[in-house]
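Worksheet: one structure, shown below.
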Amino acid sequence: FLPGDVERARHMALRSMEDAQEHELTRALARSQRLLGRILAASGHPAGADVYFEKALGIFSRHEMRLDYARALNGYGVTLLQRSVRGEPAFTRGLAYLQEAHTIFVACKATIDITWVERILNHYNYENARV
């Protein structure tokens, strides 16, 4: 900060802190929505799961939280594959979400996430080859 402009520097520092807190709350909200999507999908409520996954994806995308976005794509993709049949639009969308998540995981060098999504994709590619 410039000498003699302490009040402006303080204001800017407070503003930066508030922005950081806001983004952390945003991340926590979207992560909770992603978790709710997984819970609802596992408990047999696909419509509710879709709503929460899509809300989480929207927040992660708007705030450029790439790794969280990819993890939401991964979770949503898996639930779409689990509840649909090959050839259905939901199945195709699920595979596309997993492939997009994989691309982001590679770019972020998220090794553990890459391993998980590759196992899922390999399983479904193997399944596709058998049909």
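Taken together, ARG83, ARG93 contain a single residue that is open to solvent by 80 Å² or more (accessible area, probe 1.4 Å) and in contact with a Leu (Cβ under 8 Å, 6 or more places away or on another chain), which is ARG93. One residue stands out in segment 14-55 among those that are hydroxyl-bearing (Ser, Thr, Tyr) and in a helix (DSSP H, G or I): the one that is surrounded by the fewest Cβ atoms within 10 Å (Cβ to Cβ), namely SER16.
Taking every residue in segment 66-87 that is within 19 Å of ALA30 (Cα to Cα) and pairing it with any residue that is of a type outside the set (D, E, K, R) and open to solvent by 50 Å² or more (accessible area, probe 1.4 Å), at least 6 positions away or on another chain, the pairs with Cβ-Cβ distances below 7 Å are ARG66/CYS108; LEU67/CYS108; TYR69/SER61.
In segment 60-101, which residues are of a type in the set (Lys, Arg) and outside any helix (DSSP H, G or I)? Can you show your working first?
In the first step, residues of segment 60-101 are kept if they are of a type in the set (Lys, Arg); the result is 62, 66, 71, 83, 86, 93.
Residues satisfying the conditions are ARG83, ARG86.
The residue that is farthest from the chain's Cα centre (by Cα), among those in segment 96-126 that are charged (D, E, K, R) and surrounded by 13 or more Cβ atoms within 10 Å (Cβ to Cβ), is GLU118.
From TYR69, TYR76, TYR52, which residue is more than 9 Å from the chain's Cα centre (by Cα), at pLDDT 85 or above, on the phi < 0 side of the Ramachandran plot and among the aromatic types (Phe, Trp, Tyr)? Show your work before the answer.
Values: TYR69 fails: more than 9 Å from the chain's Cα centre (by Cα); TYR76 fails: more than 9 Å from the chain's Cα centre (by Cα).
The unique qualifying residue is TYR52.
The values are calculated or read from the model by the stated rules, or taken from the named source; none is laboratory data. Since the model is a prediction, treat every value here as computed from it, not as a measurement. Here Cβ is always computed from backbone atoms with ideal geometry, including for glycine, and neighbour counts include all displayed protein chains. Note: areas computed on protein heavy atoms with side chains; ligands, DNA, RNA excluded. Shrake-Rupley method; radii C 1.70, N 1.55, O 1.52, S 1.80 Å.
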